[in-house]
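Undergrad: The structure under discussion is supplied below as structure tokens; questions concerning it will follow.
The values are calculated or read from the model by the stated rules, or taken from the named source; none is laboratory data. Treat the numbers as computed from the prediction; the structure is a model and nothing was measured. So basically every Cβ, Gly included, is an ideal-geometry build from the backbone, and we count neighbours across all protein chains shown. Note: accessible area is taken over every heavy atom of the protein model, side chains too, but ligands, DNA and RNA are not part of it. Shrake-Rupley method; radii C 1.70, N 1.55, O 1.52, S 1.80 Å.
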Amino acid sequence: MDGSVRTPPVSGPGATWEHPEKTSSSPKRREVSDGRAYQWRNADGREEVRRVASAVVTTTPTADDRHQDLNQVYWTSQAGSYADSAVREWAAAEPHWGLFRIPEAEVEMLADVDGRDVVELGCGTAYVSAWCAQRGARPVGVDLTPAQLATARAMQRRHGLEFPLVRADGECVPLADGSFDLAINEYGAVLWCDPDRWLAEAARLLRPGGELRMLTGSFLLYLCADDDERIPAGPRLQRSAFGVRAVRWDDTDAVEFHLSHGDWVRALRRHGFEVLDLRELRVESGTTTDYRHVRAAWASRWPCEEVWFARRA
């Protein structure tokens, strides 16, 4: 996004606050403004209107900023294939997490969200925000890709849910300091944004004592994954565990971020978070769902996904 960010209007059904297209040479700046009223509507028709302060955000662009452009191009190309899964996720009777749909009762990503202000950083089709809204939270979904947000708006209309959708970079969110009680994402900012930048934003957006919950691929899966995604991970390490950060696979220009557990702990502490828990998800033995890059049999022996829980000091 560039520095010319407009204040969000009062949201109507499916309204999205979008930003002008960013350019690599444009600075990002942050100045808190008064904001406008946002509307939340649950499936039961209950409505609530609250004022959320907006912000204009400034950071200095660097050569590393190109990963956001590459990732937006990638997700624009992938958005159509995620429209069908959005229908399934929005309609799910109970939330579930990760590739192998681990039940919420085991993961507890949505514990105690009722009545809380929640920001989903890298919301994609915003099904996690929808699950939060269904449980009494006031979510705001943030994503950089217009095509993903278009699917989210369509799902809002289909299910009679309404909550703000903000088109923005997870490393540079145009919402005011201390606006939220919980920052959450599943394969969102945690995988596609620079860790130090998006963690700094999460810390800024959270109130003191606010929580961060994030799900991503396990570091062990990264170490065991084959360079060719068509070949599933095996029992052998394929690469070094040291010096890992930005990763590009051979079959895509998208940029992922993978950190060791030690690096995650240090990054979280650097930005004022206390680590509360790390849950390494296990697939039940006998699960038959497989993916090209990881099979259920592998994920029943070693964690292919992990969930971090942290609290802002």
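Undergrad: May I ask for the Kirkwood hydrodynamic radius of region 223-278, worked out over all distinct Cα pairs and given in angstroms to one decimal?
TA: 13.2 Å
Undergrad: Using square roots of five times the C-alpha gyration tensor eigenvalues, list the equivalent-ellipsoid semi-axes of region 131-241 in whole Å, biggest first.
TA: Semi-axes, largest first: 30, 19, 13 Å.
Undergrad: Counting heavy atoms of the protein chains only and a 1.4 Å probe, report the per residue accessible area for region 65-122 as a whole number of Å².
TA: Ligands and nucleic acids excluded, the result is 45 Å² per residue.
Undergrad: Give me the log10 of I(q) over I(0) for region 156-313 at q = 0.17, 0.18, 0.20 Å⁻¹, as the Debye formula computes it from C-alpha points; what are the numbers?
TA: The Debye formula, applied to the Cα set alone, gives -1.07, -1.14, -1.27.
Undergrad: A further question follows. Need the C-alpha centroid separation for region 127-192 versus region 264-290, integer Å.
TA: 21 Å
Undergrad: Whose amide H sits under 5 Å from the amide H of Glu186, counting only residues 5 or more places off or on another chain, with H placed in the peptide plane?
TA: Leu215
Undergrad: List the relative contact order of region 94-173 as a percent without decimals, with contacts defined as Cα pairs under 8 Å and 6+ residues apart. Could you put the intermediate results ahead of the total?
TA: Working: 120 pairs, mean separation 20.1, N = 80.
Across region 94-173, relative contact order equals 25 percent.
Undergrad: Further question on the same structure: From a point 7 Å beyond the Cα of Trp249 in the direction of its Cβ, which residues of region 275-300 have a backbone N at a distance under 15 Å?
TA: 290-296
Undergrad: Per the Kirkwood treatment, what hydrodynamic radius in Å, one decimal, follows for region 95-157 from the mean inverse distance over all distinct Cα pairs?
TA: 12.1 Å
Undergrad: Is region 227-313 rounded, prolate or oblate when judged by the Cα gyration tensor, a ≥ b ≥ c being the square roots of its eigenvalues, rounded requiring a/c under 1.5 and prolate requiring a/b larger than b/c?
TA: Details: a/c = 2.43, a/b = 1.38, b/c = 1.76.
The shape class here is oblate.
Undergrad: Mind listing which chymotrypsin sites (Phe, Trp or Tyr not before Pro) in region 170-251 are in a DSSP loop and have 16 or fewer other Cβ atoms within 10 Å?
TA: Sparse-neighbourhood loop chymotrypsin sites (Phe, Trp or Tyr not before Pro): Phe242, Trp249.
Undergrad: Another one. Starting from the 7 Å offset along Cα-to-Cβ, what nm value, one decimal, do you get for the label separation of Asp196 and Ala83?
TA: Modelled inter-label distance: 4.0 nm.
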